[in-house]
Amino acid sequence: MDDLLRLADPDRLILGVLLGSLATAMGGDPEENPNWLMILLDTIGSSYVTLLKAAVVPLVVTAVIASIANLRDVSNAARLAWKTLVWFAITALIAVLIGMVLGVLIQRCGHGSSAAR
């Protein structure tokens, strides 16, 4: 196991591709006839995403409360609030642009197929 952890990044990539190919070869059609591996990975993946979603809100609230508690100088509060709003606006704009670009690309790529409709 220690040798596996010492692998260089390209070797890990190749190992991941080979293991992924093996898992694909083991599987069938996930919609009609899922095998035990598909069911196991689906259960683990959906549980992980659910736990991740459940952890986000408490972590954000804790970070905000800790930041406010550590704010010693009230004179800097307005400047901090302004910087926070600017950063929020920038990241929201980037997220919206990425979503719009991906939406247009996905819609154009799937235009000819009936599965995308």
**Study point:** Qualifying positions in segment 80-102 - at pLDDT 90 or above and of a type outside the set (A, V, I, L, M, F, W, C)
**Key:** Thr91, Gly99
Review point. Got at least one residue in segment 6-20 being modelled with pLDDT under 85 and of a type in the set (A, V, I, L, M)?
Key: yes
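The values are calculated or read from the model by the stated rules, or taken from the named source; none is laboratory data. Just so it is clear, the model here is predicted, and its values are computed rather than measured.
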